[in-house]
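So the structure is just underneath, and the comments pick up after that.
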Amino acid sequence: MRRRTLGTLVLLATLSLVGVVYTQMIWLKRAQQHEHEQIALQLQQQQQLDKQFNDRVTIALTEVTERILSITKDPSDLFDAVKQERPNYFAVTINDTIHPYLLEALLQQEFKRRNINEDFEYGIYDCFTDSIVYGNYVSLGDSVHADSARHSQLLKLDKDGHYFGVYFPRRTSSLWTPGTEGTINWAYPATVTLIMFAFFAYSVWVILRQKRLGEMKNDFIGNMTHELKTPISTIALSSEVLCDPDIVNEPERLRNYARIIHSENERLRQQVERVLQLATLDNGGGLNMEAVDLHDILEETLNSFEVLLKERSGTCTMDLNAKEHLVRGDRIHLGNVLFNLLDNAVKYSKTPPQIHISTSNDNKHVRVKVADKGIGMRKEDLRNIFERFFRIHTGNVHDVKGFGLGLHYVAQMVRAHGGKIHVDSTWGQGSTFTLELPVWKGGGKT
Ligand code: ADP
């Protein structure tokens, strides 16, 4: 996929996502508005019903008061005797004290007559004790939990004289409670949208990564074909010469061609070896773990580099200062790891390579540093060099051969050995690779 097409696709997908989110927000807002209207309407209806109920109770209680007055033969007229003091709580002023049974009977009669089928409790104010004496809980409806409401709201009022109070414990009054807020929950749509965005971002990341990997793979195939073709054709040409029967008369020429075949074959072997190293990793190839002396491996690897270093008039110095240098690992793979680092140090030096290897101990780890004074790397490339197939486009040093597999293999192997790898590099001045592997104290060869 071309970069432009991908860019357009990502842009379109982002726009459609934003569109979906925008539409969702509009719908949610509308739903919320609608819900508010519904709630307001319900509240209005409820308030009307409550008002009707209160009016009916007030009339019934006024009726009760009048009947009390007529029973006690009190000629006075009680104006405005019934007062609603709190939600569902009414206080009725009377001239004298009254017997609770009589009051209860009157209240029941009147409530029934007015069709007030609500549980209620009543209490009568006692002037001597200055408190409300609880009357009774009267259940008119089908409520069975009378006890739970007992004494709940029969409060003494701040007034003198005789009065009784009636409270309806089962009613919830909308007239006295603040309006309920909208209940639309934004958390759910917000979470879904967030997940959608995260998924989208992840998909874009995967696509870009795959695209980059695809490009690097193509580079790798191109590189590998080139790298394999050159020695194969050189070997083919040299062996053709060797097929000439007259060559036996020129032993020097014969030796030369045999040497060419040998060295090109060695090159081929190394290239194949690198690809195989990676295949081992990909197949999760098992490591043959044993006690390995890192100092021994360093020396062995360096020995195999002597010829190459001499060819490039390079030098390599060693400071093996680690007191504990035994690790648990795969001898062959650890050798390959060091080989790759040394190989790079030689490859990426324009001048005769100057390599310094040192070891030290730190916090149960043995540290190996491979430092060179080669071309170095830019900061922005450093975080990618351990990726598979990654190669720095080095411009004027593009002639350096490689597949972009070496450091990936090194990093994977170090990780498989429970270690870490770190690189410091300055463009134009050189690089230092630091390996850290856990020291092994399980005995064995030292
Ligand atoms: P290859 O050497 O086959 O290209 P590697 O994985 O070994 O692949 O290295 C990846 C890239 O890191 C190389 O292309 C090179 O640009 C850079 N690199 C690795 N080691 C060094 C080094 N010692 N000095 C400078 N650049 C290096």
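The values are calculated or read from the model by the stated rules, or taken from the named source; none is laboratory data. Note that the coordinates shown come from a computational prediction; the quantities given were computed from them, not determined experimentally. Ligands, DNA and RNA are excluded from the accessible area calculation, which covers all protein heavy atoms including side chains. Shrake-Rupley method; radii C 1.70, N 1.55, O 1.52, S 1.80 Å.
So for the stretch 1-126, Kirkwood radius off the Cα pairs, Stokes-Einstein at 10 °C and 1.306 mPa s: how many µm² s⁻¹? List each step's numbers first, then the result.
Numbers: Rh = 19.8 Å.
In µm²/s, the coefficient is 80.
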If you count only protein heavy atoms and use a 1.4 Å probe, how large is the accessible surface of W427, to the nearest 10 Å²? 120 Å²
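Run the numbers on the stretch 9-167 and let me know its relative contact order in percent, using alpha-carbon pairs under 8 Å that are six or more apart. Before the final figure, lay out the partial values.
Working: 161 pairs, mean separation 33.9, N = 159.
For the stretch 9-167, the relative contact order is 21 percent.
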If you build a Gaussian network model of the chain, linking Cα atoms that sit under 10 Å apart, which residue out of E264, E290, E121 swings the most? E121
Give me the count of lysine pairs in the stretch 9-167 whose alpha carbons sit under 29 angstrom apart, restricted to pairs 8 or more positions apart or on different chains. 12
Full-extension gain between L28 and N256, please, as 0.36 nm times their residue separation minus the C-alpha to C-alpha distance. 73.7 nm
Who wins for biggest fluctuation among A60, A279, A291 in a Gaussian network model of the chain, springs between alpha carbons below 10 Å? A60
Compute the acute angle (0 to 90°) between the alpha-carbon long axis of helix 100-113 and the principal axis of greatest extent of the alpha-carbon atoms of the chain; round to the nearest 10°. 80 degrees
Distance from the stretch 221-238 to the stretch 87-142 (C-alpha centre basis), Å: 110 Å
So what is the calculated 222 nm ellipticity per residue for the chain, using -39500 (n - 2.57) for each DSSP H run with n of 4 or more, over all residues, to the nearest 500 deg cm²/dmol? -18000 deg cm²/dmol
List the extent of the Cα atoms of the chain along each of their three principal axes, largest first, rounded to whole Å. 156, 56, 38
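From the cross-link list K229/K350; K401/K441; K347/K420; K310/K369, which pairs have alpha carbons spaced over 30 Å apart? Write down the numbers at each step before the final one.
Values: K229/K350 25 Å; K401/K441 40 Å; K347/K420 23 Å; K310/K369 22 Å.
Flagged as over cut-off: K401/K441.
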Please report the equivalent ellipsoid semi-axes of the stretch 343-446, computed as sqrt(5 x eigenvalue) of the Cα gyration tensor, largest first, in whole Å. 27, 15, 12
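What per residue convex hull volume, in Å³, do the alpha-carbon atoms of the stretch 213-308 yield? Provide the component values of the computation, followed by the final result.
Values: hull volume 15.4 nm³, N = 96.
Measuring per residue, one finds 160 Å³ for the Cα hull of the stretch 213-308.
Express the relative contact order of the chain as a whole percentage, based on alpha carbon pairs under 8 Å and six or more residues apart in sequence.
Numbers: 549 pairs, mean separation 48.5, N = 446.
After rounding, I find 11 percent.
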Whenever you get a sec, compute what percent of the accessible area on the stretch 9-167 sits on carbon and sulfur atoms (1.4 Å probe). 55 percent
Roughly to the nearest percent, how much of the accessible area of the stretch 287-438 is carbon and sulfur, given a 1.4 Å probe? 48 percent
Assuming a ≥ b ≥ c are the square roots of the Cα gyration tensor eigenvalues, decide whether the stretch 257-416 counts as rounded (a/c under 1.5), prolate (otherwise, with a/b larger than b/c) or oblate. rounded
Can you give the accessible area per residue of the chain, in Å², using a 1.4 Å probe? 60 Å²
